[in-house]
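In what follows, a structure is listed as structure tokens, so that the remarks can point back to it.
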Amino acid sequence: MKKVVSLIAAGLLAFSAFAAGTDTDVSDAVQTVLDSISGHLDSGASKINDGLEDFSKELQKTIPNVQTQQNVYSDAFIGKLFPDLPPHFAAGVNFGLTQLNTEGLSDAVDGIQSVLSTVGSSGVAGAALDLDMSVPNSLVLPTITADLRVGGLFLPFDFGITAMLSSFDATGIDTGDKSTFRDLGGNLSVSGSSFSGELNFFTLGFDVRYALLEDGLIFPGLSIGAGYVLSKGAVSVSGNASNESNDIKQKVDADIAVAYVTQTMYLQAQLSKKLFIVTPFVGARALLSWTDNAYYWNVGYTVSTSGVSASTSKGADETLSSGTYFIPQLYLGTSLNLLFFQMTVSASYDVRDALLSGALSARFKL
């Protein structure tokens, strides 16, 4: 009897030792994967940060061009050199497109993906994860705005206002507080063959123009003007991936958001000439802008095997200030005028950074 009891006790001890060794092996395997992903994220963070800083600089160049492509009228001035009643009035919507260099954002996404590929190729975590997250090297940034202009109230002035809003959340964007742009509601999704992300924006602008010449039989209309525009916005991309290989399950979630607050003041001069039902125009602007940027990124990683799981995450957030930025700009276009309806096509060229912008507007004009 004692011999049987001794054999059972020995068996239990052996099983316990085996089980303990198995748990230790599983925990070690999970920890090995976590150490690998954490180490590579630490070493790859500089590429991600550098890419987002570069993209922030591109927004500094691009957003002022987006701002001034709004509220563009073919007439150098709506109204007369002397006050008249009723005042002249125009209102409508504007659809704009501006080039945006996104190489920096693309580099940041590539930095995250390269970390996952490196960990996968090392063999510590089975197959490599492939994020459903991609950004091309350039995009065309769309805008939709509403505008209003009134002229002829007193002296040869006209006054304009323009606004756009994707959601009320955008009005509260603060580059010093990542929570104001990390999880915005009402984002506009932008999807294409090589990009899937979200935009959120708010813009409010004012301008005044003074007529030097009234459009007549011989002379064109000529005006000078000044304006101010405030814009807030964010560009965000996210992706996830999961797989199972060699009894190891992996899951990753990645998020990137870049926010901006841009204020722009500008001076402009414009010539226009009514020719039957069309009004061609040309002009020039001098822009002075101030931009504050902030970016946020985070990668969350979970690994599990044999019922043991663990997670790690890595990220960063940074606030940047650009100071002042001067942009000389040329613009031109024409409008089609049919009774009280005016459709305008315009384009602008940023002389400093060689950026092109275009817009199409439809307005009621009295």
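The values are calculated or read from the model by the stated rules, or taken from the named source; none is laboratory data. Worth saying up front: this structure is predicted, and the values here are computed from it rather than measured. Cβ sites come from the backbone with ideal geometry, for glycine too, and all protein chains shown count toward neighbours. Remember, those area values only see protein heavy atoms, side chains included, never the ligands or the DNA or RNA. Shrake-Rupley method; radii C 1.70, N 1.55, O 1.52, S 1.80 Å.
Could you list, in sequence order, all residues of the range 269-282 that are part of a strand (DSSP E or B) and in contact with an Asp or Glu (Cβ under 8 Å, 6 or more places away or on another chain)? Outline the logic, then answer.
To start, the set of residues in the range 269-282 that are part of a strand (DSSP E or B) comprises 269-272, 275, 278-282.
Across the range 269-282, the qualifying residues are S272, T279, F281.
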Which pairs turn up if I take residues in the range 70-98 that are assigned to a loop (DSSP other than H, G, I, E, B) and open to solvent by 10 Å² or more (accessible area, probe 1.4 Å) and look for partners that are of a type in the set (K, R) and at pLDDT 90 or above with beta carbon separation below 6 Å, at least 6 apart in sequence or on another chain? F77/R209
Residue set D215, D207; condition surrounded by 17 or more Cβ atoms within 10 Å (Cβ to Cβ), over 30 Å from Y301 (Cβ atoms) and modelled with pLDDT under 90; output residue D215
Consider only pairs whose beta carbons are under 6 Å apart and that are at least six residues apart or on different chains; among these, list those whose first residue lies in the range 154-181 and is within 17 Å of T262 (Cα to Cα) and whose second residue is of a type in the set (S, T, N, Q) and surrounded by 21 or more Cβ atoms within 10 Å (Cβ to Cβ). T162/Q70; T162/N71; T162/T145; M164/T145; M164/T203; S166/N200; A170/N200
Working only within the range 127-149, note down all residues that are open to solvent by 50 Å² or more (accessible area, probe 1.4 Å) and acidic (D, E). D130, D132
Taking the range 321-366, which residues are outside any strand (DSSP E or B) and of a type outside the set (D, E, K, R)? L339, F340, V351, A354, L366
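Looking only at the range 278-310, count every residue that is in contact with a Leu (Cβ under 8 Å, 6 or more places away or on another chain) and modelled with pLDDT of 95 or more and tell me the total. Please lay out each step first, then the result.
Of the range 278-310, the ones in contact with a Leu (Cβ under 8 Å, 6 or more places away or on another chain) are 278, 280-286, 291-295, 297, 299, 301, 303, 310.
Next cut, modelled with pLDDT of 95 or more only: 278, 280-286.
Adding up the residues that qualify gives 8.
Each row is one residue, and each column tells you yes or no for (1) assigned to a strand (DSSP E or B); (2) in contact with a Phe, Trp or Tyr (Cβ under 8 Å, 6 or more places away or on another chain); (3) touching a residue at least 60 places away in the same chain (Cβ under 8 Å); (4) closer than 30 Å to S56 by Cβ.
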site: A257; (1), (2), (3), (4): yes, yes, yes, yes
site: A284; (1), (2), (3), (4): yes, yes, no, yes
site: S309; (1), (2), (3), (4): yes, no, yes, no
site: D317; (1), (2), (3), (4): yes, yes, yes, yes
Condition check for F281: over 30 Å from S43 (Cα atoms) and open to solvent by less than 50 Å² (accessible area, probe 1.4 Å): yes
Does at least one position in the range 308-315 carry a residue that is open to solvent by less than 50 Å² (accessible area, probe 1.4 Å) and under 26 Å from I173 (Cβ atoms)? yes
Identify, by number, the condition in (1) farther than 30 Å from S56 by Cα; (2) open to solvent by 40 Å² or more (accessible area, probe 1.4 Å); (3) at pLDDT 95 or above that N246 doesn't meet. (3)
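Taking the range 204-221 on its own, how many of its residues are of a type in the set (A, V, I, L, M) and within 36 Å of the chain's Cα centre (by Cα)? I'd like the intermediate steps shown before the answer.
Let us first name the residues in the range 204-221 that are of a type in the set (A, V, I, L, M), namely 204, 208, 211-213, 217-218.
Filter again for within 36 Å of the chain's Cα centre (by Cα), leaving 204, 208.
Going through the range 204-221 one residue at a time, the tally reaches 2.
In the range 329-364, which residues are open to solvent by 50 Å² or more (accessible area, probe 1.4 Å), out of contact with any Leu (no Cβ under 7 Å at 6 or more places or on another chain) and farther than 16 Å from D147 by Cβ?
Filtering the range 329-364 down to residues open to solvent by 50 Å² or more (accessible area, probe 1.4 Å) leaves 330, 332, 334, 336, 338-341, 343, 345, 349, 351-352, 354, 356, 360, 364.
When the remaining residues are screened for being out of contact with any Leu (no Cβ under 7 Å at 6 or more places or on another chain), the result is 330, 332, 334, 336, 338-339, 341, 352, 354, 356, 360, 364.
Those that are open to solvent by 50 Å² or more (accessible area, probe 1.4 Å), out of contact with any Leu (no Cβ under 7 Å at 6 or more places or on another chain) and farther than 16 Å from D147 by Cβ: L330, L332, T334, L336, L338, L339, R352, A354, L356.
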Given (1) under 27 Å from the mean Cα position of the chain (by Cα); (2) buried (at least 18 other Cβ atoms within 10 Å of the Cβ); (3) at pLDDT below 90, where does S46 come up short, assuming only one miss? (2)
